[in-house]
1. Show the residue pairs that are 6+ apart or on different chains and have beta-carbon atoms under 7 Å apart, the first residue being within the range 231-255 and under 18 Å from SER206 (Cα atoms) and at pLDDT below 85, the second being open to solvent by less than 10 Å² (accessible area, probe 1.4 Å) and outside any helix (DSSP H, G or I).
2. Could you check how many residues of the range 81-107 are over 18 Å from ARG284 (Cβ atoms) and among the aliphatic types (A, V, I, L, M)?
3. If I go through the range 226-245 residue by residue, how many of them are closer than 15 Å to VAL301 by Cα and open to solvent by 10 Å² or more (accessible area, probe 1.4 Å)?
4. Any chance the range 46-63 includes a residue that's open to solvent by 10 Å² or more (accessible area, probe 1.4 Å), among the charged types (D, E, K, R), not assigned by the TED database to the domain that holds GLY215 and not in a helix (DSSP H, G or I)?
5. Restricting to the range 110-134, name every residue that is modelled with pLDDT of 90 or more and open to solvent by 50 Å² or more (accessible area, probe 1.4 Å).
6. Got a number for residues in the range 187-206 being open to solvent by less than 30 Å² (accessible area, probe 1.4 Å), among the small types (Gly, Ala, Ser) and touching a residue at least 60 places away in the same chain (Cβ under 8 Å)?
7. Residues that are open to solvent by 50 Å² or more (accessible area, probe 1.4 Å) and free of Cβ contacts under 8 Å to residues at least 60 places away in the same chain: which strands (runs of 3 or more DSSP E) entirely in the range 320-372 hold 3 or more of them?
8. Exactly one condition in (1) in contact with a strand residue (DSSP E or B) (Cβ under 6 Å, 6 or more places away or on another chain); (2) touching a residue at least 60 places away in the same chain (Cβ under 8 Å); (3) open to solvent by 10 Å² or more (accessible area, probe 1.4 Å); (4) not aromatic (Phe, Trp, Tyr) is not met by THR139; state its number.
Amino acid sequence: MERTHRRKLLATTGAGLAAFGAGCLGRFGGEDDESDDAESPTEDGDSTVTPLERWVPTSGSEELLFHYRDLTALETYEDALQASVIEAVPTLPDGDSAAVVEAAADGTDAIDSVLRFGSEGVVGNVVVDGSFDPDALETDGSSSVGEFETFGRDDVSVAVSEETIVVSPADGAALEAILAAGIEGADRRIDSHGNFAQLVDRVGDSTFLWGEYEGRDDGVGAVFSWELGAERAAYSGIAVYADADGTDEFEDAMADRSADLTVETDGNVGVATRVVPVEEYEYRDLFAERGSQPTEPYAGVSLDTDRKPNAVVVMYHSSGTADRVEVRDESGVRVELTEVGQAETIEYESGTSATITVVAVSGDEESVLMTETVSF
């Protein structure tokens with residue numbers, strides 16, 4: 001049997017995610033302890049929390065996208081990185097948030113990190129840490145929450161202090177809810193969505209982080225990250241499933257991806273990691289700002305051509321923005337997958353070949369997730 005790719009997991013288009021678990025969150029530096037020189041997570045009371053833990057409230061979209069970039073760490077290891085990496089990493093958030101942040105910051109060097117989270121199809125909420133001048137935003141001082149002055153501008157609500165700016169669009173999570181989570185530690189998503197907390201628990205000090213989560217306590221999701229160090233860059237991928245059965249597929253799918261990829265499972269969580277020399281790192285913006293633009297449907301799907309002779313097993317891992325997934329070959333639509341966790345088998349005669357196309361469908365829109373040629 002010949003094939004162009006053995007397995008692909010969480011294939012997407014437009015979003016830039018090549019595979020489910022191809023890179024993720026977590027402190028997986030291993031021997032790469034040089035990354036400890038980077039700025040530590042925020043101190044919240046007696047515990048150390050990451051921005052993702054601190055600011056994302058329970059309210060808001062259940063289909064959550066999130067992205068984080070640590071610009072302080074990027075600056076720390078600037079001399080070791082390719083020049084193209086420094087040029088490629090955006091400093092300002094997109095949308096209306098950019099103008100707000102730019103007005104309050106004394107140059108982009110004043111920006112330490114950017115966290116963005118929200119649902120598909122919106123710019124999303126933005127939390128930016130750095131050094132800011134609240135007076136530059138011409139707040140009237142009439143409304144405040146803790147150290148933050150709050151005000152409305154155009155279609156966004158803004159909270160600003162000397163160290164942090166929070167921007168909430170009209171279709172994002174409410175500013176009050178974000179501040180309650182970030183300042184008071186109230187109604188944080190990590191406390192109400194168990195599987196989301198499992199992902200966040202493994203985030204650590206990622207320099208770049210992308211992720212998505214769908215559902216509540218027993219939802220499914222994935223996170224992708226790089227943690228930069230003086231000599232090495234740690235690449236990590238984590239997937240959380242509704243139950244432990246999903247990690248079997250994760251382990252099988254990841255096993256063939258790379259000889260230097262370490263794969264582990266822990267209950268309903270799968271983890272894949274590897275380390276490369278930092279000078280080899282290339283920045284790839286998976287979906288940092290995609291919420292501000294219309295995107296094609298996507299979903300998480302795997303094809304397994306080894307499980308059964310003369311057959312392809314298709315499994316539906318994550319719905320993403322798709323209503324359903326169609327698996328087609330030259331004879332037409334062979335199977336449809338409509339429920340996460342669904343698996344279907346397509347059988348072929350010995351001596352035949354086929355080109356399999358996996359398509360995500362949402363309403364009248366569709367996009368090709370993957371194409372694979374098989375011969376039996």
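1. Every condition considered, no pair remains.
2. Within the range 81-107, the first condition is being over 18 Å from ARG284 (Cβ atoms), and the residues that meet it are 92-93, 95-107.
With among the aliphatic types (A, V, I, L, M) added as a condition, the list becomes 92, 98-101, 103-105.
Number satisfying all stated conditions: 8.
3. First pass over the range 226-245, keeping only residues closer than 15 Å to VAL301 by Cα: 239-241.
Still in the list and also open to solvent by 10 Å² or more (accessible area, probe 1.4 Å): 241.
Counting residues in the range 226-245 that are closer than 15 Å to VAL301 by Cα and open to solvent by 10 Å² or more (accessible area, probe 1.4 Å) gives 1.
4. For the range 46-63, residues open to solvent by 10 Å² or more (accessible area, probe 1.4 Å), among the charged types (D, E, K, R), not assigned by the TED database to the domain that holds GLY215 and not in a helix (DSSP H, G or I): present.
5. Taking the range 110-134 first, the residues modelled with pLDDT of 90 or more are 110-117, 125-134.
Across the range 110-134, the qualifying residues are SER131, ASP133.
6. 2
7. Working: elements: 324-329, 332-337, 343-347, 353-362.
Counting at least 3 such residues, we get 332-337, 343-347.
8. (2) is the only condition that THR139 fails.
The values are calculated or read from the model by the stated rules, or taken from the named source; none is laboratory data. Everything quoted here is computed from the prediction, not taken from an experiment. Glycine gets a Cβ as well: all are built from the backbone with ideal geometry, and neighbour counts include every protein chain shown. Note: accessible area is taken over every heavy atom of the protein model, side chains too, but ligands, DNA and RNA are not part of it. Shrake-Rupley method; radii C 1.70, N 1.55, O 1.52, S 1.80 Å.
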